[in-house]
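K.L.:
Below are the structure tokens for one structure; questions will follow.
The values are calculated or read from the model by the stated rules, or taken from the named source; none is laboratory data. These numbers were taken from a predicted model, which means no experiment stands behind them. Heads up, the Cβs are rebuilt from the backbone with ideal geometry, glycines too, and the neighbour counts pull from every protein chain shown.
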Amino acid sequence: MVKKVEKLPDHVCIIMDGNGRWALSRGMERNVGHRQGLEAVREATEFAAEKGIPYLSLFAFSEENWGRPQSETDALMSLIVKAIHSETPTMMKNNIRCVFIGDREQLDKNVLERMDTCVSQTAGNTGMTLIVAVNYSGKWDILQAVKRILELNPPSGHLLSPEIFSTYLATAGVPEPDLMIRTSGEMRISNFMLWQLAYTELYFTPVLWPDFRRPDFEAALNAYYNRKRRFGKIQESL
Ligand code: IPE
Ligand code: IPE
Ligand code: MG
């Protein structure tokens, strides 16, 4: 029998989905769902930190999300700014270091400033690393890595290995996710960490993100513990 996973995942990533449907099903506008989702962000972050999970990544805004009505993207951006500000004390309290990944080009100055302030304020924290993906997409990440590699002088493409390539990704230095959780019942990756998810265990739950609580996170971890990770090998060679 293949050995079950016994240890805590080093890196959990979450596609926080279902805010819109949570609000619409209550006869409210979509943005109410985004605001409500913040409570779930706080709880998941504190839970992961308490558990001792070293890295937690949250997909907050995808490059494709710009295709939504401006009223919604504006609301999401101001919510992100507000949340970074309001959650920094929680990060300090829980010894959490916060970093952001994503394309900074299309982000407003006030969003970038808030992000940078939070990164420097929490830089000395030694507990969990929280990675927030804002204007992120997996294809963007791979392309920005390729572009930087093509600019290397002298050309060093021939030296590339998966390990070296990873150091050019936005997640450089971060272990690849062991577990990816997606809420709201959708079973897709939606252009999240395409390279990094190569051997990640995927967990899908119908729970909408604003309803996602500690027991839901616990259930995802329990599912993970029961997975048999083979990485292409067979029991005898593991
Ligand atoms: C996830 O919830 C939040 C973001 C994508 C920013 P959605 O807004 O996608 O909610 P649904 O999927 O429409 O319910
Ligand atoms: C994925 O959710 C992006 C985030 C959670 C930030 P979406 O709601 O944008 O994904 P699709 O459109 O259902 O694939
Ligand atoms: Mg969605």
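K.L.:
Being assigned to a helix (DSSP H, G or I), surrounded by 21 or more Cβ atoms within 10 Å (Cβ to Cβ) and of a type outside the set (D, E, K, R) is true for just one of 77, 91. Which residue is that?
P.N.:
91
K.L.:
Would you please name the residue that is farthest from ligand 3 (Cβ to nearest atom), looking only at residues in the stretch 8-28 that are part of a loop (DSSP other than H, G, I, E, B) and more than 28 Å from residue 177 (Cβ to Cβ)?
P.N.:
The extreme case among them is 27.
K.L.:
I'd like to verify a number: residues in the stretch 194-222 that are away from ligand 3 (no atom under 16 Å from the Cβ), in contact with an Asp or Glu (Cβ under 9 Å, 6 or more places away or on another chain) and either farther than 29 Å from residue 35 by Cβ or not hydrophobic (A, V, I, L, M, F, W, C) (or both), how many?
P.N.:
9
K.L.:
Go through the stretch 158-171 and count every residue that is assigned to a helix (DSSP H, G or I) and surrounded by 11 or more Cβ atoms within 10 Å (Cβ to Cβ).
P.N.:
Going through the stretch 158-171 one residue at a time, the tally reaches 3.
K.L.:
State which residue is surrounded by the most Cβ atoms within 10 Å (Cβ to Cβ) when the search covers only the stretch 5-58 and only residues that are touching a Lys or Arg at 6+ places or on another chain (Cβ under 6 Å) and more than 16 Å from residue 213 (Cβ to Cβ).
P.N.:
15
K.L.:
Okay, moving on. Return the pair list, or none, for Cβ contacts closer than 7 Å from residues in the stretch 113-136 that are in contact (Cβ under 8 Å) with a residue 60 or more places away in the chain and part of a loop (DSSP other than H, G, I, E, B) to residues that are crowded, with 16+ Cβ neighbours inside 10 Å and of a type in the set (A, V, I, L, M, F, W, C), at least 6 apart or on different chains.
P.N.:
127/49; 127/96; 128/48; 128/49; 128/53; 128/56; 128/96
K.L.:
Right, something else. I'd like to check something: does the stretch 158-180 contain any residue that is within 16 Å of ligand 3 (Cβ to nearest atom) and modelled with pLDDT of 95 or more?
P.N.:
Checking the stretch 158-180: at least one residue is within 16 Å of ligand 3 (Cβ to nearest atom) and modelled with pLDDT of 95 or more.
K.L.:
Hey, any hits in the stretch 29-36 for a residue that's more than 16 Å from ligand 3 (Cβ to nearest atom), of a type in the set (S, T, N, Q), over 18 Å from the mean Cα position of the chain (by Cα) and under 26 Å from residue 104 (Cβ atoms)?
P.N.:
No, there is no match, as no residue in the stretch 29-36 is more than 16 Å from ligand 3 (Cβ to nearest atom), of a type in the set (S, T, N, Q), over 18 Å from the mean Cα position of the chain (by Cα) and under 26 Å from residue 104 (Cβ atoms).
K.L.:
Select, from 12, 41, 32, the only residue that is closer than 27 Å to residue 195 by Cα and either polar (S, T, N, Q) or within 16 Å of ligand 1 (Cβ to nearest atom) (or both).
P.N.:
41
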